[in-house]
1. How many residues does the range B:150-191 hold that are polar (S, T, N, Q) and surrounded by fewer than 21 Cβ atoms within 10 Å (Cβ to Cβ)?
2. Enumerate the helices (runs of 4 or more DSSP H) found wholly within the range B:123-207, keeping only those where 3 or more residues are farther than 30 Å from A:G66 by Cβ.
3. Counting only residues that are outside any loop (DSSP other than H, G, I, E, B) and more than 12 Å from every other protein chain (Cβ to nearest Cβ), which one in the range A:57-68 is nearest to A:P93 (Cα to Cα)?
4. Taking the range B:79-92, which residues are among the hydrophobic types (A, V, I, L, M, F, W, C) and over 15 Å from B:L176 (Cα atoms)?
5. Just give me the residues in the range A:70-89 being farther than 13 Å from A:L113 by Cβ, more than 11 Å from every other protein chain (Cβ to nearest Cβ), at pLDDT below 90 and within 17 Å of the chain's Cα centre (by Cα), in sequence order.
6. If we keep just the residues of the range B:230-248 that are surrounded by 23 or more Cβ atoms within 10 Å (Cβ to Cβ) and under 15 Å from the mean Cα position of the chain (by Cα), which is nearest to the other protein chains (Cβ to nearest Cβ)?
7. Residue check, A:V54 against (1) assigned to a strand (DSSP E or B); (2) within 10 Å of chain B (Cβ to nearest Cβ), all met but one. Which one?
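The values are calculated or read from the model by the stated rules, or taken from the named source; none is laboratory data. Since this is a predicted model, take the numbers as computed values, not measurements. Please note: Cβ atoms are built from the backbone with ideal geometry, for glycine as well, and neighbour counts cover all protein chains shown.
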Amino acid sequence: MNRSTIDLWVGLFVVAGIAGLLFLALKVGNLASFSSSQSYQVQAKFANIGGLKVRGPVKSAGVVVGRVADVRFDNESYEALVTLNIDLNYQFPRDTTAKILTSGILGEQYVGLEAGGDGVMLKNGDRLRLTQSAVVLENLISQFLFNKAAEGKPEAKPEGK
Amino acid sequence: MRVADLRARVERLGSGVTSHVHRLGFASRFLAYLVLHSGTALRRFRLTIAEIYFAGVLSLVIILVSGLFVGMVLALQGYETLQRFGASESLGVLVALSLVRELGPVVAGLLFASRAGSAITAEIGLMKATEQLSAMEMMAVDPIARVVAPRFWGGVLSMPLLAGLFSAMGIFGGYLVGVQLIGVDAGAFWSQMQAAVDVRNDIWNGVIKSLVFGVAVTWIAVFEGYDAPPTAEGVSRATTRTVVTSSLAILFLDFILTALMFTGGNHQ
């Protein structure tokens, strides 16, 4: 085997190997989206975040507009403090509502943003005041059973609260 | 009699441990010497290119074919299980994550150890047995710098590329079976995969794994070859030992690396 043939094959091998890694990074790992774009950070407090993870999507009207940057526990209010990175291309009013929602029945949890009507837009470092926690299945079931039990008793007051 | 018997046993254990530690120390010093004297291999890069050809290019066929079939089998098996939970759209995630995180680096490493590692050991061992290495020393050519270092760097550079190709080919195989044969929706296959696979956490860690395996396998291969007794039997034993030791090393290192890389992330 002469020298130039070896060089040719090694060159092809290196090109193919790098192409394979690029295929993994671009097509499989989706490097292109959301890594280069600029973003701003807002915070939101939730009473319960359910299974929300760091790097989970932030969606508005079903479109991904950002990522969850950080999740930590606030020692003073005993709530979860979630930091969101939102793409600078998407501006939201200051009274936007953040909800923790689930995609599908067993799907991952994400933060849903619902725009409000304020004229002032959110800036870097702002805090979202209106939040809605994740739905915890156990609480939902116990509420349902409690209502059922209240319905069953004839002498119980309607709307027991 | 009993006491003497026991004493002999303990002595055998002791000498076994000592000789292993001695060998490990020798291998470490060998690696240090090799890295310090690899100037020739990197300056005269053509030497290393020839070794990339033998270690990398000639391993391509087995790596590509195995990758394709591993991906196809993963898709078939994964579909059977996922479909029970009504989650067959997640097939892409399953195939991509298993390949990129584990199977790509590990299986490519095992194949590389048996395809290229054994060849390196046999070649260096035979050069030693036929006194070519001593002849080089007589001509004031350092055999470690001239023969061993290019083989080492050739293997280290080839391994990440081979593992990347293995994973890419496996995902292509998973696509063939999952989307073309079984009929999982192509959009869901790719988009769920892209949403779940992280470039830094998954792909980059996979590349680091394959690099570590490449260093381990070629280090073991060149050391076993250089250390082989210069007889036909010695070379054959050294070759076997290369495959066994490097396979075990890959599996052990994989456990350590996985524990370091993929367990911290879930606790936010």
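1. Matching residues across the range B:150-191 total 2.
2. B:132-138, B:149-175
3. A:S60
4. B:L82, B:F85, B:A87
5. Selection gives A:L88 alone.
6. Going through the qualifying residues, I end up with B:S246.
7. (1)
Residues are listed down the side, and each one gets a yes or a no for (1) among the charged types (D, E, K, R); (2) part of a loop (DSSP other than H, G, I, E, B); (3) under 14 Å from the mean Cα position of the chain (by Cα); (4) within 19 Å of B:F166 (Cα to Cα):
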{"site": "B:K209", "(1), (2), (3), (4)": "yes, no, yes, yes"}
{"site": "B:V215", "(1), (2), (3), (4)": "no, no, yes, yes"}
{"site": "B:E224", "(1), (2), (3), (4)": "yes, no, no, no"}
{"site": "B:I250", "(1), (2), (3), (4)": "no, no, yes, yes"}
{"site": "B:A259", "(1), (2), (3), (4)": "no, no, no, no"}
